[in-house]
Amino acid sequence: MTLADPVWVRRWLEDHGVAFLERFVALNSLSPAFDPEWERHGTLAAAIDLAAETVEAAGFEGTEIVRQTIPGRSPALAVRIPGRGHGTALVYGHLDVQPAVGPWRDGSDPHRVVRHGERLVGRGVVDDGYSVVAVLAALEGLRAMGADAPTVWALFETSEESGSPDLDAHLDALAPTIGPVDLVVCLDAGGLDTKRLWLTSSLRGNLVVVVDIAVLDHGIHSGEAGGVVPETFRILRALLERLEDPVTGDIRVDALRSAVPEPVREAARALVEALGDPFAGAYPLLEGVRLEGADPVERLLRQSWGTAIALTGIDGVPSVDTGGNVLRPSLTAKLSVRIPPDVDAVRALDALVATLSADPPNGARVRVTPEAPAQGWAGAALPDWLADALARGSIASFGEPPRSVGVGGSIPFLASLGERFPGVPIVATGALAPTSNAHGPDEVLELPAATGVAVSLAEALGALAQRSF
């Protein structure tokens, strides 16, 4: 029997969690990288206030709420909920979101939750608004069963979608207050489906740069200048080819890549043997489009331990309807580079900027502006008491034991916490799956998955509370 009843936890999420998510999604709390005027707009502060209000309404005796503000940095919320049991756990989530372009597929507003059966659709529902109510549902589940909980610190930042540039400053400021911890849980992860609890074994790092290319003071007739004045898109292509082979996608910069460790390769083989191709049907591919990678194992390794470059934004290019016969004077492109978990993100960023900046084609003016690098993370094996607790939660909620997998996304928090709390077990889990569409249109939270995460969190917290140190 589990310490928290999945049926009770699901009912609590229905009664309290859905209402919170409806209010949270309506805020559109854009991460600072996407809203330079975030302080004036006040949506991040409003998200902090909403989360604090929701925690207070839960009525846990002795709850302490710290609204952490540092001049020039996005805010954070730290909540201490004392428990009767042993130990202290630190649980992490974030309250900032990525931009959403609407309307979404069914014509709905991305900032209004739409329910389809057990699925909630809206920007931020699964990445990572649900984390607030998952923590509360876990603790409420323990309380309902009369089970002891440890002392829980819940930390919610508001710059994760910008690479968490403010997180270390908040951790430095809060460290004396939080003190030592015995368990760290991150709720901003997930796995390959929503049929079981997924434990994230590794995360890639992420590098983001903006590349400005300029060749003219103003646009000129393409018939007069074409073939004589260098074209900015061709220059961008040439710069990108310094990074990767345009046909194979092979990475050409040593500092951006890493060999796959044999244990990671063996784990990928075992996962594919057990569950089949993890990406079959996972993405909305058009008919005839083939995935990268020769086989399911290679695809899994490319996604979790490979380097991948994506053009995520472009300015200076008119729409097809308005584009005339004009040679454009400039072009601005935003690149996201996912790097293997064990690659040094700072060194990799230096190499990326240097590679793009050196000896520009045709002497074009090229300026590369980087964001703060996000370090990848490779987790250690969990102790038996914790692995057993998570297994109980997964089996009770999903009827399936948990699985571990490397994830292609990035959570800089985990690398920071691993350095701050050496030897402390770190659990990275969550309700995310390829079908969640995080960062894309029609972002969805599946309530059974959120329930399973909350129940498994309750089991982990309850097991910690029962340990003697």
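The values are calculated or read from the model by the stated rules, or taken from the named source; none is laboratory data. Note that the structure is predicted; figures quoted are calculated from it, not measured. Cβ placement follows ideal geometry from the backbone for every residue including glycine, while neighbour counts extend to all protein chains displayed.
Just to be sure before I move on: is Ala259 out of contact with any Ser or Thr (no Cβ under 8 Å at 6 or more places or on another chain), modelled with pLDDT of 95 or more and either surrounded by 12 or more Cβ atoms within 10 Å (Cβ to Cβ) or of a type in the set (Ser, Thr, Tyr) (or both) in the structure I sent? Answer is no for this residue. One residue alone among Ile426, Ile411 is farther than 26 Å from Arg252 by Cβ, modelled with pLDDT under 95 and outside the structural domain of Pro263 (by TED's automatic domain parsing), and that residue is Ile411. Among all residues of the range 177-194, there is at least one that is farther than 30 Å from Arg420 by Cα and in the same structural domain as Ala391 (by TED's automatic domain parsing). When residues in the range 232-273 are screened for being part of a loop (DSSP other than H, G, I, E, B) and over 30 Å from Pro361 (Cβ atoms), 3 of them pass.
Taking the options Asp188, Asp193, name whichever one is assigned to a loop (DSSP other than H, G, I, E, B) and buried (at least 24 other Cβ atoms within 10 Å of the Cβ).
Asp188
For the condition without any contact (Cβ under 8 Å) to a residue 24 or more places away in the chain, of a type in the set (Gly, Ala, Ser) and under 22 Å from Gly406 (Cα atoms), Gly288 does not qualify.
Of everything listed in (1) at negative phi; (2) at pLDDT below 95; (3) within 19 Å of the chain's Cα centre (by Cα); (4) not β-branched (Val, Ile, Thr), the single unmet condition for Ala380 is (3). Within the range 437-457, the set of residues being more than 16 Å from the chain's Cα centre (by Cα), of a type outside the set (Asp, Glu) and surrounded by fewer than 24 Cβ atoms within 10 Å (Cβ to Cβ) comprises Leu447, Pro448. One residue stands out among those in the range 128-148 that are of a type in the set (Asp, Glu) and in a helix (DSSP H, G or I): the one that is surrounded by the fewest Cβ atoms within 10 Å (Cβ to Cβ), which is Glu140.
Identify all residues within the range 383-425 that are more than 16 Å from the chain's Cα centre (by Cα) and within 16 Å of Arg204 (Cα to Cα); write none if there are none.
Selection gives Ser404, Gly418.
Residue check: Leu335 meets all listed conditions (1) assigned to a loop (DSSP other than H, G, I, E, B); (2) assigned by TED's automatic domain parsing to the domain that holds Leu301; (3) over 13 Å from Gly205 (Cβ atoms) but one, namely (1). Residues of the range 446-468 include at least one that is in a strand (DSSP E or B) and in the same structural domain as Leu21 (by TED's automatic domain parsing).
Annotation note: of Thr158, Thr151, Thr177, the sole residue that is touching a Pro at 6+ places or on another chain (Cβ under 7 Å) and either surrounded by fewer than 15 Cβ atoms within 10 Å (Cβ to Cβ) or closer than 30 Å to Glu400 by Cα (or both) is Thr151. Applying the condition of being touching a helix residue (DSSP H, G or I) at 6+ places or on another chain (Cβ under 9 Å) and among the basic types (Lys, Arg) to the range 90-127 and asking which residue is surrounded by the most Cβ atoms within 10 Å (Cβ to Cβ) yields Arg123.
Can you name the residue in the range 311-361 that is farther than 30 Å from Gly406 by Cα and small (Gly, Ala, Ser) and, of all such residues, is surrounded by the fewest Cβ atoms within 10 Å (Cβ to Cβ)? Among them, the one singled out is Ser319. Of the residues that make up the range 235-257, is at least one more than 20 Å from Thr355 (Cα to Cα) and not assigned by TED's automatic domain parsing to the domain that holds Val407? There is no residue in the range 235-257 that is more than 20 Å from Thr355 (Cα to Cα) and not assigned by TED's automatic domain parsing to the domain that holds Val407. Restricting the search to strands (runs of 3 or more DSSP E) fully inside the range 7-126 and requiring at least 1 residues that are under 29 Å from Gly399 (Cα atoms) gives 88-94, 114-116, 119-121. Pairing residues of the range 157-173 that are on the phi > 0 side of the Ramachandran plot with residues that are crowded, with 22+ Cβ neighbours inside 10 Å and among the acidic types (Asp, Glu), at Cβ distances under 9 Å and at least 6 apart in sequence or on separate chains, gives Ser164/Glu157. Look at the range 241-266: where a residue is on the phi < 0 side of the Ramachandran plot and of a type in the set (Gly, Ala, Ser) and a partner is modelled with pLDDT of 95 or more and assigned to a helix (DSSP H, G or I), sitting 6+ places away or on another chain with Cβ atoms under 6 Å, you get Ala255/Arg347; Ala255/Ala348; Ala255/Ala351.
Among the residues of the range 316-339, those that are among the small types (Gly, Ala, Ser) and farther than 15 Å from His221 by Cα comprise Gly316, Ser319, Ala333, Ser336.
Of all residues being touching a residue at least 24 places away in the same chain (Cβ under 8 Å), assigned to a loop (DSSP other than H, G, I, E, B) and of a type in the set (A, V, I, L, M) in the range 206-231, which is farthest from Arg257 (Cα to Cα)? Just the residue, please. Among residues in the range 206-231 that are touching a residue at least 24 places away in the same chain (Cβ under 8 Å), assigned to a loop (DSSP other than H, G, I, E, B) and of a type in the set (A, V, I, L, M), the one farthest from Arg257 (Cα to Cα) is Leu216. Of the residues examined, Leu136 is one that is under 17 Å from Arg84 (Cα atoms), touching a His at 6+ places or on another chain (Cβ under 8 Å) and assigned by TED's automatic domain parsing to the domain that holds Val55. Exactly one residue out of Ala438, Ala381 is small (Gly, Ala, Ser), without any contact (Cβ under 8 Å) to a residue 40 or more places away in the chain and closer than 30 Å to Arg347 by Cβ: that is Ala381.
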